[in-house]
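The values are calculated or read from the model by the stated rules, or taken from the named source; none is laboratory data. Just so it is clear, the structure is predicted and the values come from calculations on it, not from any experiment. Quick reminder, even Gly has a Cβ in these numbers, built from the backbone with ideal geometry, and neighbours come from all protein chains shown.
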Amino acid sequence: QMTEILVLAMMPFLTKWFTRKHLLLIGLAAYALRMALWAFMPTLPFVMAGIALHGLCFGCFIFVAFMIVDENTTGDIRATAQSLFNLVIVGIGTIVGSIVAANIVGNWASASGTMDYAKLFTVPMWMAIGCFAIILVAYPNRAKSLT
């Protein structure tokens, strides 16, 4: 959580230096790196680095996405749009993620109950890389920053 606070405190500066697209890509790259660290380097220093990357993931993706929703809605529907986005990310996303994770663990755990964490963490890593590619290609390249 400390890295979240740091990234969010720096957000006014980051939004002047980077476009929306760049901040979203930074957040997704941090997420993919986080999962890669946990998948392929499961030692304490790398696990801690992965935990620290959460602040960059949150600040540069989720927080910026909330800002984009805010900017692209009118005042009369802004609160509804923010609530809907929050429902999708925190509500539905959490439920779907839990179901998918349970299936992955159920299918990839060995008979003795041990888990192949490399397999487990490469799934969200590749999903983040896929989202990165989609945003890289499909999201408009706007020169305007969030401010």
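At a glance:
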quantity	calculated
Scan of region 106-122 for residues that are surrounded by 12 or more Cβ atoms within 10 Å (Cβ to Cβ) and not in a loop (DSSP other than H, G, I, E, B), ordered by number	W108, Y117, A118, K119, L120, F121, T122
Failed condition for L136, given (1) touching a helix residue (DSSP H, G or I) at 6+ places or on another chain (Cβ under 7 Å); (2) exposed (fewer than 14 other Cβ atoms within 10 Å of the Cβ); (3) at pLDDT below 90; (4) part of a helix (DSSP H, G or I)	(3)
When residues of region 111-145 are limited to those that are charged (D, E, K, R) and under 14 Å from A101 (Cα atoms), the one farthest from the chain's Cα centre (by Cα)	D116
Hits in region 36-90 - residues which are closer than 21 Å to L6 by Cβ and touching a Ser or Thr at 6+ places or on another chain (Cβ under 7 Å)	A52, H54, G55, L56
Filter result (among the β-branched types (V, I, T) and in contact with a helix residue (DSSP H, G or I) (Cβ under 6 Å, 6 or more places away or on another chain)) within region 1-27	T3, V7, I26
Every residue from region 55-96 that is within 13 Å of the chain's Cα centre (by Cα) and of a type outside the set (A, V, I, L, M, F, W, C)	G55, G59, G93, T94
Any hit, region 26-39, residues being over 15 Å from the mean Cα position of the chain (by Cα), within 29 Å of V137 (Cβ to Cβ), in a helix (DSSP H, G or I) and free of Cβ contacts under 8 Å to residues at least 12 places away in the same chain	no
A128 being at pLDDT 95 or above and surrounded by 11 or more Cβ atoms within 10 Å (Cβ to Cβ)	yes
Pair list, Cβ under 6 Å, 6 or more apart: region 47-69 residue buried (at least 19 other Cβ atoms within 10 Å of the Cβ), other residue of a type in the set (S, T, Y)	G55/T3; C57/Y31
Restricting region 4-46 to residues that are β-branched (V, I, T) and surrounded by 13 or more Cβ atoms within 10 Å (Cβ to Cβ), the residue that is nearest to G130 (Cα to Cα)	I26
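Condition check ((1) modelled with pLDDT under 95; (2) of a type in the set (D, E, K, R)) across all residues:
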position: E4; (1), (2): yes, yes
position: M10; (1), (2): yes, no
position: L14; (1), (2): yes, no
position: A32; (1), (2): no, no
position: M35; (1), (2): no, no
position: L56; (1), (2): yes, no
position: D76; (1), (2): yes, yes
position: F85; (1), (2): yes, no
position: G93; (1), (2): yes, no
